[in-house]
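Read the structure below first, then the notes.
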Amino acid sequence: MSFALAIPWAPAARCYCAPQRLIFTLALGEDPDRIPPRSHVRALGIEPADASGHGALDRVLRAFGGNIALSRLYDPADPSAGFDLVEHARGMSRTYVAAFSDVTRIDQTLDALRQLSIVSSASADYFITAEEAPAIGGPEGAPVSETDLWPWRMIGAERARQMETGDAAVTTAVLDTGAARRHAELSGRLSSGFDAVNFSGADLAQGLSLVGDYAERDTDPDEDSNPHGTACLAIIGGRGAAMPAGLSQATSLMPVRVLASALPPGTAGTRKVMGLGALSDIDFAINRAVNLGAKVLNCSFGTAESTLLPGDPKPHADTTAYALDRGVVMVAASGNSGQEERYFPAAADGVIAVGAVGPLGGVSAFTTTGAHVALCAPGEAILSPAIDGYERVTGTSFAAPFVAGAAALIVARARRSARPMDSFSLRRLLVETASAFPQPPASKAGAGILDLPAALSAVDRMVTTASTLGHVT
């Protein structure tokens, strides 16, 4: 799931970052009004600010990077009313992107910024990747067979559909590489969504090349090069044209493109396409998806804590907290490193971190483990749509959408009894109802395997218990 690229100007880090851009958050009450939102710079052609108005901050920025262009990373949920108390508290109103005219030592700039009392956090604009784990299973493009049905059977998908059909009012956003709208599995199933990718080839390491839609900055999340997001969307709520239907046929699917498609060095002319995204774009997308009404977010990407510089904030910390404050359910792939470590956003409190299992229920060797992992779901040789046709994909990236689809059904089930369901309560429910691993895993891989019918039944019991207690005199 992650791909390490060297930073020649910041050798202490093992995660690639944009050479001329960083993100910083000012202390509460220190946010200047004159800096335009990045979305307005991108969509409306408004000029970014050349200074913040904070003398010390501007002097530090200019000392390391020459001319600067400043823009506010987030928009308020209600533009007419401005940022509300939650947005101020979580930093949405006071987080900025600084772009420099010259290549600079990002690590030295960050160190200087962190010494300013008005700066609460500062980070490089790291790039993360999403790609499959090593292939396991049958050949790509083979037609559906009985052996392809095991993931849906393992989690009880058919019985769950009989228990709960879902609710169109529950919007599930998939933050990924976008969607192949024309594919039979997704045709007619997607809401408008948006494209948050906002970088160019000049931001990338030597040898990486962008493919597909990257030159134009638009709002269309359509994708014609990388099926990663298409696969996740189909698992959650696809039509079931030539593969098992998605878990929640009624949920509104919001494709959000946060990852461009790129070819790693030495892979030109091959199908080895990976998703590549900047933290600033992903954070913007999390915030925007929440503000557009998404109830469930699926994040099949991550940044390893071990790749960060000392003093770096945890990736997506503010936006994850903001989403959870708004009652959003967040699901994330645990990672494909095969080690016990923490990837973010999966390791953040309240996020449902998902590992992978194979057809026999054993934890997949590539699964990233740890105490933060909630449970596992099928993640080996999963039949899914390609850009054209079908393929079998492997990784925790594809285990996570099984849980996101389950979350959409569980939220819908709870809503029928006017019961709210947030990420913390849904995580608890999934952990309590997970089926046991056939054999205890060697490392921490969560409570067990997703059992969707058991989780839906638990919602019914919660409602019945609450109703009974409500009538006690």
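The values are calculated or read from the model by the stated rules, or taken from the named source; none is laboratory data. Being a predicted model, the structure only gives us computed values, none of them experimental. Here the Cβ positions follow ideal geometry from the backbone for every residue, glycine too, while neighbour counts run over all protein chains shown.
Ala418 fulfils the conditions (1) farther than 16 Å from Asn298 by Cβ; (2) among the aliphatic types (A, V, I, L, M); (3) in contact (Cβ under 8 Å) with a residue 12 or more places away in the chain except for a single criterion, (3). Could you list, in sequence order, all residues of segment 317-366 that are farther than 24 Å from Pro440 by Cβ, among the β-branched types (Val, Ile, Thr) and either in contact with a Pro (Cβ under 7 Å, 6 or more places away or on another chain) or buried (at least 24 other Cβ atoms within 10 Å of the Cβ) (or both)? Correct list: Thr319, Thr320, Val329, Val331, Val351.
Filter segment 352-398 down to residues that are among the acidic types (Asp, Glu) and either part of a helix (DSSP H, G or I) or within 17 Å of Leu149 (Cα to Cα) (or both) and give me whichever is modelled with the lowest pLDDT. Filtering segment 352-398 for residues that are among the acidic types (Asp, Glu) and either part of a helix (DSSP H, G or I) or within 17 Å of Leu149 (Cα to Cα) (or both), the one modelled with the lowest pLDDT comes out as Glu391. Counting only residues that are surrounded by 13 or more Cβ atoms within 10 Å (Cβ to Cβ), among the β-branched types (Val, Ile, Thr) and over 14 Å from Asp31 (Cα atoms), segment 73-106 holds 3 of them. For segment 224-242, the candidate set comprises residues that are part of a loop (DSSP other than H, G, I, E, B) and among the hydrophobic types (A, V, I, L, M, F, W, C); within that set, the residue that is nearest to Arg181 (Cα to Cα) is Ala241. Residues in segment 24-61 that are closer than 18 Å to Ala112 by Cβ and either aromatic (Phe, Trp, Tyr) or modelled with pLDDT under 90 (or both): Phe24 alone. Is it the case, given these coordinates, that Phe100 is within 26 Å of Ala321 (Cβ to Cβ) and modelled with pLDDT under 95? So Phe100 fails the test.
Every test in (1) small (Gly, Ala, Ser); (2) farther than 27 Å from Ile382 by Cα; (3) modelled with pLDDT of 95 or more; (4) assigned to a loop (DSSP other than H, G, I, E, B) is passed by Gly311 save one, and that test is (3). If you go through segment 288-316 and keep only what is surrounded by 23 or more Cβ atoms within 10 Å (Cβ to Cβ) and closer than 21 Å to Leu113 by Cα, you end up with Pro315, His316.
When segment 426-453 is filtered for residues that are of a type outside the set (Asp, Glu), surrounded by fewer than 18 Cβ atoms within 10 Å (Cβ to Cβ) and not in a loop (DSSP other than H, G, I, E, B), the ones remaining, listed by number, are Arg428, Val431, Ser435. Residue-level check: of (1) farther than 21 Å from Ile155 by Cβ; (2) assigned to a strand (DSSP E or B), Gly338 misses just (2).
Condition check ((1) in contact with a helix residue (DSSP H, G or I) (Cβ under 6 Å, 6 or more places away or on another chain); (2) closer than 28 Å to Gln162 by Cα) across all residues:
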position	(1), (2)
Gly362	no, yes
Phe366	no, no
Thr369	no, no
Ala377	yes, yes
Pro401	yes, yes
Ala445	no, no
Ala458	yes, yes
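Among the residues here, Ser300 does not qualify as more than 11 Å from the chain's Cα centre (by Cα), in the same structural domain as Leu190 (by TED's automatic domain parsing) and either more than 24 Å from Ile449 (Cα to Cα) or among the polar types (S, T, N, Q) (or both).
Right, Arg326: free of Cβ contacts under 8 Å to residues at least 40 places away in the same chain and more than 14 Å from the chain's Cα centre (by Cα) or not? No; evaluated as a whole, the condition is false for this residue.
Checking each residue in segment 114-131 for being under 20 Å from Asp58 (Cβ atoms) and hydrophobic (A, V, I, L, M, F, W, C) picks out Leu116, Ile118, Val119, Ala122, Ala124.
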